1. Is there a residue in region A:23-33 that is at pLDDT below 95 and assigned to a strand (DSSP E or B)?
2. Here are the criteria: (1) closer than 30 Å to B:SER18 by Cβ; (2) at pLDDT 95 or above; (3) of a type in the set (D, E, K, R). Tell me which single one A:GLU242 does not satisfy.
3. Scan region A:21-47 for residues that are of a type in the set (D, E, K, R) and within 14 Å of another protein chain (Cβ to nearest Cβ) and report the count.
4. Quick one: in region A:232-254, which of the residues that are within 14 Å of another protein chain (Cβ to nearest Cβ) and either hydroxyl-bearing (Ser, Thr, Tyr) or in contact with a Lys or Arg (Cβ under 8 Å, 6 or more places away or on another chain) (or both) is farthest from A:PRO201 (Cα to Cα)?
5. Out of all the residues in region A:73-99, which are out of contact with any Phe, Trp or Tyr (no Cβ under 9 Å at 6 or more places or on another chain), at pLDDT 90 or above and more than 7 Å from chain B (Cβ to nearest Cβ)?
6. Show the residue pairs meeting these rules: Cβ distance below 6 Å; 6+ apart or different chains; first residue within region B:147-168 and within 17 Å of B:LEU237 (Cβ to Cβ) and within 12 Å of chain A (Cβ to nearest Cβ); second residue open to solvent by less than 20 Å² (accessible area, probe 1.4 Å) and assigned to a loop (DSSP other than H, G, I, E, B).
7. Being open to solvent by 30 Å² or more (accessible area, probe 1.4 Å), away from every other protein chain (no Cβ under 13 Å) and closer than 17 Å to A:THR247 by Cβ narrows it down to one of A:LYS205, A:LYS193, so name that one.
8. Of the residues that sit in region A:219-239 and are in contact with a Leu (Cβ under 7 Å, 6 or more places away or on another chain) and at pLDDT below 95, which one is least open to solvent (accessible area, probe 1.4 Å)?
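The values are calculated or read from the model by the stated rules, or taken from the named source; none is laboratory data. No experiment lies behind these values; they were computed from the predicted model shown. Cβ sites come from the backbone with ideal geometry, for glycine too, and all protein chains shown count toward neighbours. What goes into the accessible areas is simple: the full protein's heavy atoms, side chains included, and nothing from ligands, DNA or RNA. Shrake-Rupley method; radii C 1.70, N 1.55, O 1.52, S 1.80 Å.
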Number of protein chains: 2
Amino acid sequence: MKKSVPLYMISDSVGETSLKLVNAAAAQFPTVDFDLSYRFPFTKDEEELKSILGDALKDSAVVVTTLVSDNLTQIVEDFAERTGLQYINLMSQFMDIVHQKTGVAPLQQAGVVHKLNQEYFDRVAAIEFAVKYDDGKDAKGFLEADLVLLGISRTSKTPLSMYLANNRIKVANLPLIPEVPLPEQIKAVPKEKIIGLVIEPEVQKKIRMSRLNSLGLAENSRYSDINRIKEELDYALKVYDELGAFTLDVTNKSIEESATLICEHLDNAL
Amino acid sequence: MKKSVPLYMISDSVGETSLKLVNAAAAQFPTVDFDLSYRFPFTKDEEELKSILGDALKDSAVVVTTLVSDNLTQIVEDFAERTGLQYINLMSQFMDIVHQKTGVAPLQQAGVVHKLNQEYFDRVAAIEFAVKYDDGKDAKGFLEADLVLLGISRTSKTPLSMYLANNRIKVANLPLIPEVPLPEQIKAVPKEKIIGLVIEPEVQKKIRMSRLNSLGLAENSRYSDINRIKEELDYALKVYDELGAFTLDVTNKSIEESATLICEHLDNAL
């Protein structure tokens, strides 16, 4: 039987940091069954916090907190000391080091990271841009974009565009099809802004077959034919060469990994 | 003069957890100038790690690591002990507690969280869904969606849809315009899946003016007229009432905050 560990994530804001950490760390224990449904965002009330901690103790849970208030942090510490509750305070160690290093005291205001500043609005604008200029919908986008993603069908252009948009990068993407001429605007894009995605044909075949499957279509169409895929990839490589694109192999890479490599390329190129 | 603190983020994978934590914690020190450009993803080589640590020490940086390998963690610990380098290891405390609690040893394999499993493909599918059914583009989406967002222009429907899609929720959204009849399909959507966004008219006016501004248009159009905005909102509230929608006020809320409240509603309703 799988060991089961309930995880309580308590935050005085959204609690995204805990969730990221918990997902990353939990992946290191594939045989343990983590219950991630105990999320307590926007916890600012002392009595509410105490009641959550009481439940966590009863459930013999691991508690991960992202609390910026000293007051609330102290409640968790006192509770843990008294009861032996196991907890990790993600914020306080970092805040203590910075406080000590700079002499500057932290604000202790919950939710400040989500303030609606210029950075925030730039992010929203980049997401709207990526939706507007997805799939080569409007060739105007290529000239306004920070980055243009090229690739044959099913090379993760859309989710990659969205992920990069979340980092405030304006992305336009274009599917490459041998029979469809390139839009003229692409040729005016500086080459360091063009990313050409490639993928191993056999892996691509599997992805396309599962795509056909999910659409309820027969799996043996030309779309998933290995020779057709190779023909498309050959064409794509020719295009990348002509445009001087940075080529990225996305085979077996997650969106996060591909996006991180693209950002490294941009940092080096620009 | 602002105090300046360079932050080194070292990961054997993408390093998203560090970045989330650092952004959240840094927001608590608005008068400190954090330099977040020192990101070292995919660090798996011992010599490379030692060289990064040497640079961090020279820069008098705070180091945040997300390393899953005991070996690499030990190198950081030894280095810090010898030199006094200040560092935070985000993963190890969590992994130690789970190890101790369950007796199960962690895998220590970098990048496992990014494995391409069903959860991953569901996320990609949800992002593609949100792009396809953004802005009421295709009424078919309403019936297939896990969630339908309604709102007048500029109530953050698109970025909210994308954020929720990242959590594997399939979202379709529809802009409400008094002069445009509702698509019939909306009436067949179960009411607990319908979210109606509202916003204070004065705040909406400012957002629309800045939108017009960014498009290079005159700010005094009907689009940003307060009476027109109130008329649109009145219409939207009437629609929400008829449909039995869950109404969410997004005034001064970030996407993350609104999305968290929507997820809480879904958890309670379904």
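1. So far as region A:23-33 goes, yes, one or more of its residues are at pLDDT below 95 and assigned to a strand (DSSP E or B).
2. Answer for A:GLU242: the failing condition is (1).
3. Residues meeting the conditions: 4.
4. The residue in question is A:SER254.
5. A:THR73, A:GLN74, A:ILE75, A:ASP78, A:GLU81, A:ARG82, A:THR83, A:GLY84, A:ASN89, A:ASP96
6. Close Cβ pairs (under 6 Å, with a partner that is open to solvent by less than 20 Å² (accessible area, probe 1.4 Å) and assigned to a loop (DSSP other than H, G, I, E, B)) amount to B:THR155/B:ILE199; B:THR155/B:VAL250.
7. A:LYS193
8. Taking the candidates together, the pick is A:SER224.
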